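Here's the structure, in structure tokens; my notes come after.
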Amino acid sequence: IVTKTGDKGETSLYSGDRVPKAHPRIEAVGTLDELNAHLAFLNLPHLQNHLFELGALVANPASMGSMAQALQLLEEETAALEATQPALQNFILPGGHDLAKHAHVARAVCRRAERVLTQIEGLPEGIVPFMNRLSDYLFLFAREANLSTNTPEVIWKGQS
């Protein structure tokens, strides 16, 4: 575990190439790792596995992999979850049940990861769309956590 190879602010990509720790690919992989840790609170191991695969694709500039199949599965899960929920009548704020709060934090980290990923050229197919859909899924997951626990959603009231 302790190699000391990163002590001067550099790390290795999958290819073995050394890059600064502030390199966009390393920033993206780190943000994906942070998101993956947040997903542990939500007990979503299938999504954690997809994120781990996505991180490996990002860390390998030569990767020809794809997130197309994972994207399709996520879109199906998202549609099924959305179909069980009442239509939104208001903007809602992050809050409610603790599970919903964790989902909202994960959603915000997911959006940050998506922003970082858009700055990297030549990513494999489906990575940015997957992250976009994942943030939608996490929003719906938060709503479901509140609905299933009879916890009121926090309605945005605008200017007081």
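The values are calculated or read from the model by the stated rules, or taken from the named source; none is laboratory data. What you see is a predicted model, and the numbers here were worked out from it, not measured in a lab. FYI the Cβ positions are ideal-geometry reconstructions off the backbone, even for glycines, and counts take in every protein chain you see. Side chains included, ligands, DNA and RNA excluded: accessible areas come from the protein's heavy atoms. Shrake-Rupley method; radii C 1.70, N 1.55, O 1.52, S 1.80 Å.
Take the conditions closer than 14 Å to Asn36 by Cβ and modelled with pLDDT of 95 or more and apply them to Val109. Does it pass? Against the criterion (closer than 14 Å to Asn36 by Cβ and modelled with pLDDT of 95 or more), Val109 qualifies. Residues that are out of contact with any His (no Cβ under 7 Å at 6 or more places or on another chain), closer than 16 Å to Arg107 by Cβ and open to solvent by less than 70 Å² (accessible area, probe 1.4 Å) occur in the range 16-31; there is at least one. Selection over the range 109-131 of residues that are open to solvent by 50 Å² or more (accessible area, probe 1.4 Å) and under 10 Å from the mean Cα position of the chain (by Cα) gives a count of 2. Only residues that are in contact with a strand residue (DSSP E or B) (Cβ under 7 Å, 6 or more places away or on another chain) and either buried (at least 16 other Cβ atoms within 10 Å of the Cβ) or within 22 Å of Leu13 (Cβ to Cβ) (or both) were counted in the range 68-93, giving 1. When the residues of the range 132-160 are filtered to those that are under 24 Å from Glu114 (Cβ atoms) and among the hydroxyl-bearing types (Ser, Thr, Tyr), the one that is nearest to the chain's Cα centre (by Cα) is Ser135.
Go through the range 116-136 and give me each residue that's touching a strand residue (DSSP E or B) at 6+ places or on another chain (Cβ under 6 Å) and part of a helix (DSSP H, G or I).
Step one: filter the range 116-136 for residues touching a strand residue (DSSP E or B) at 6+ places or on another chain (Cβ under 6 Å), giving 124-126.
Answer for the range 116-136, where residues must be touching a strand residue (DSSP E or B) at 6+ places or on another chain (Cβ under 6 Å) and part of a helix (DSSP H, G or I): there is none.
Residue pairs, Cβ under 6 Å, 6 or more apart or interchain, first in the range 138-156 and modelled with pLDDT of 95 or more, second open to solvent by less than 50 Å² (accessible area, probe 1.4 Å) and of a type in the set (S, T, N, Q). List them. Every condition considered, the pairs that remain are Arg143/Gln85.
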